[in-house]
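Here's the structure, in structure tokens; my notes come after.
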Amino acid sequence: MNVLVIGSGGREHALAWTLSSSPLLGTLYCAPGNGGMADIAACLDIDPLDFEGILAACRTYDIGFVVVGPEQPLAAGLVDRLSEAGVKSFGPTARAAQLEASKTFTHELCARHNIPAAAYEKFTDADRAKTYLAGLPAPYVIKADGLAAGTGEVIAQDVQTAQGAVDEMFAGAFGDAGREIVIEEFLTGEEASFFVLTDGKSFLPLATAQDHKRAGTRDTGPNTGGMGAYSPAPVLTHALCDTVLTRIIRPTIDAMAAEGRPYTGVLYAGLMITAEGPKLIEYNARFGDPECQVLMMRLKSDLLPALIATADGTLEDIALDWREESALTVVMASKGYPGTYEKGGRIGNLTEAAGATGARVFHAGTARKGDQITAIGGRVLNVTGLGQTVAQAARQAYGAVDLIDWPEGFCRRDIGWRAIEREKNL
Ligand code: AMP
Ligand code: GLY
């Protein structure tokens, strides 16, 4: 079967790499792909939001299955459009992707179905939002309702900053995503990500992971798309995983089905492990990036039949095996990210770095011309190691990072720090 992966990030490179070893695979295509995906798939120069272009490619290349990586085409209805045209695909419909695309939708669903999440209020008016904030204790959590590439929220320590953020959101700082805003209770605890495949009825837990969203050491500084991740996340014990499945995941899948928008695809729960137990911070309708990279490093089974069974409603028949080892990925980004940065820097020594250390390098914002790889985005490489412990996986990943020749890039040096401190205390 010919398969098309939609997207161009490290997540999609990791998915493509995993799918490329499936015995069921004919030819692998990606749209638009990146410099690393070009090694293992035929890259088609089609925008993920160009639905008619994607459909035409499906016909031209006899594509039997489409795996949609990013949230924008899901929220815009790519899966709906493909299904109308008779092309099977992996991912939720637009109505189901509302779980990620609208924070108020998800809050209201959680409230209706008694799913533990942060308390919230929604606002369409700046003055009312600011008055409400004035009556709350610090810190303050303010979020644009819609999709904002993981940066649509502000956590403010004082009420003036919080009220300023409200004004900026209503003034269009996040475009249409900020027409409606949500003010949430600030949750304290440790964060973790939990992933399940679901066909709308049954679900299959994947693995746990933890990512590092902030640009600076010890998770400080501005929010980013994610600067690194590791799996498993030791904070999510078996008992906590059971609680997450019974209190959060199962009721969500049932509620979506009961409300006429069955959810199929991967459901990614961003959780806070609070003193009162796990609470939902957000849902995403796709794999995490860079969490997907560490999940794929640990997956032993063939991914393709699991994704097809998710689309077909036969997930009950699938089981997946995982490596016991830990995986850890370090994001190398262009200096300046998540602010402004230069493009076009040449990256050298990639093959040597991976060869010498056994680490795997997934590409994100790269382009290939002949043998030369250049940086064309903010997050550029995901250098990924595997080890008996998180500390060992980190040593392998950083060993490769240190061999890569890219003066215009930077990375955090402390990915996995919480888990590594836990391991020291064992
Ligand atoms: P989100 O925009 O929902 O993806 O949130 C981004 C990050 O902001 C999360 O990963 C948390 O670190 C933090 N965050 C979001 N909501 C809350 C909350 N209610 N309480 C504490 N931290 C939060
Ligand atoms: N790593 C965070 C995300 O994919 O949203």
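Quick check on Ala96: is it touching a residue at least 60 places away in the same chain (Cβ under 8 Å), in contact with a Cys (Cβ under 8 Å, 6 or more places away or on another chain) and buried (at least 20 other Cβ atoms within 10 Å of the Cβ)?
No; evaluated as a whole, the condition is false for this residue.
When the residues of segment 205-214 are filtered to those that are open to solvent by less than 20 Å² (accessible area, probe 1.4 Å) and not in a loop (DSSP other than H, G, I, E, B), which remaining residue is farthest from ligand 1 (Cβ to nearest atom)?
Taking the candidates together, the pick is Ala207.
Among the residues of segment 338-364, write down those that are in a loop (DSSP other than H, G, I, E, B) and surrounded by fewer than 22 Cβ atoms within 10 Å (Cβ to Cβ).
The answer is Pro338, Gly339, Thr340, Tyr341, Glu342, Lys343, Gly344, Gly345, Asn349, Gly358.
Restricting to segment 215-233, give me the number of residues that are surrounded by fewer than 18 Cβ atoms within 10 Å (Cβ to Cβ) and either in contact (Cβ under 8 Å) with a residue 40 or more places away in the chain or in contact with a Leu (Cβ under 7 Å, 6 or more places away or on another chain) (or both).
Residues flagged as surrounded by fewer than 18 Cβ atoms within 10 Å (Cβ to Cβ) and either in contact (Cβ under 8 Å) with a residue 40 or more places away in the chain or in contact with a Leu (Cβ under 7 Å, 6 or more places away or on another chain) (or both) within segment 215-233 amount to 5.
Can you name the condition, by its number, that Ile273 falls short on among (1) closer than 26 Å to Gly9 by Cβ; (2) within 15 Å of ligand 1 (Cβ to nearest atom); (3) not acidic (Asp, Glu)?
Of (1) closer than 26 Å to Gly9 by Cβ; (2) within 15 Å of ligand 1 (Cβ to nearest atom); (3) not acidic (Asp, Glu), only one is false for Ile273: (1).
Given the condition touching a residue at least 12 places away in the same chain (Cβ under 8 Å), of a type outside the set (A, V, I, L, M, F, W, C), within 16 Å of ligand 2 (Cβ to nearest atom) and touching a strand residue (DSSP E or B) at 6+ places or on another chain (Cβ under 8 Å), answer yes or no: does some residue in segment 123-142 qualify?
no
Go through segment 1-20 residue by residue and tally those that are free of Cβ contacts under 8 Å to residues at least 60 places away in the same chain and open to solvent by 30 Å² or more (accessible area, probe 1.4 Å).
Matching residues across segment 1-20 total 1.
Quick grid of which residues meet (1) in contact with a His (Cβ under 9 Å, 6 or more places away or on another chain); (2) among the hydrophobic types (A, V, I, L, M, F, W, C); (3) within 16 Å of ligand 2 (Cβ to nearest atom); (4) modelled with pLDDT of 95 or more:
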| site | (1), (2), (3), (4) |
| --- | --- |
| Pro262 | no, no, no, yes |
| Glu276 | no, no, no, no |
| Tyr283 | no, no, yes, yes |
| Arg286 | no, no, yes, yes |
| Gln293 | yes, no, yes, yes |
| Leu303 | no, yes, no, yes |
| Thr310 | no, no, no, yes |
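Would you confirm whether any residue within segment 103-114 is within 18 Å of the chain's Cα centre (by Cα) and within 16 Å of ligand 1 (Cβ to nearest atom)?
The answer is yes; a qualifying residue exists.
Name the single residue, out of those in segment 281-297 being assigned to a helix (DSSP H, G or I) and open to solvent by less than 10 Å² (accessible area, probe 1.4 Å), that is farthest from ligand 1 (Cβ to nearest atom).
Met296
Considering only residues that are open to solvent by 40 Å² or more (accessible area, probe 1.4 Å) and farther than 20 Å from Thr131 by Cα, look in segment 176-204 and name the one that is nearest to ligand 2 (Cβ to nearest atom).
Glu191
The values are calculated or read from the model by the stated rules, or taken from the named source; none is laboratory data. Bear in mind the structure is a predicted one, so any value in this text is a computation, not a measurement. All Cβ positions, even for glycine, are placed from backbone atoms using ideal geometry, and neighbour counts span all protein chains on display. SASA here: full protein model, heavy atoms, side chains in, ligands and nucleic acids out. Shrake-Rupley method; radii C 1.70, N 1.55, O 1.52, S 1.80 Å.
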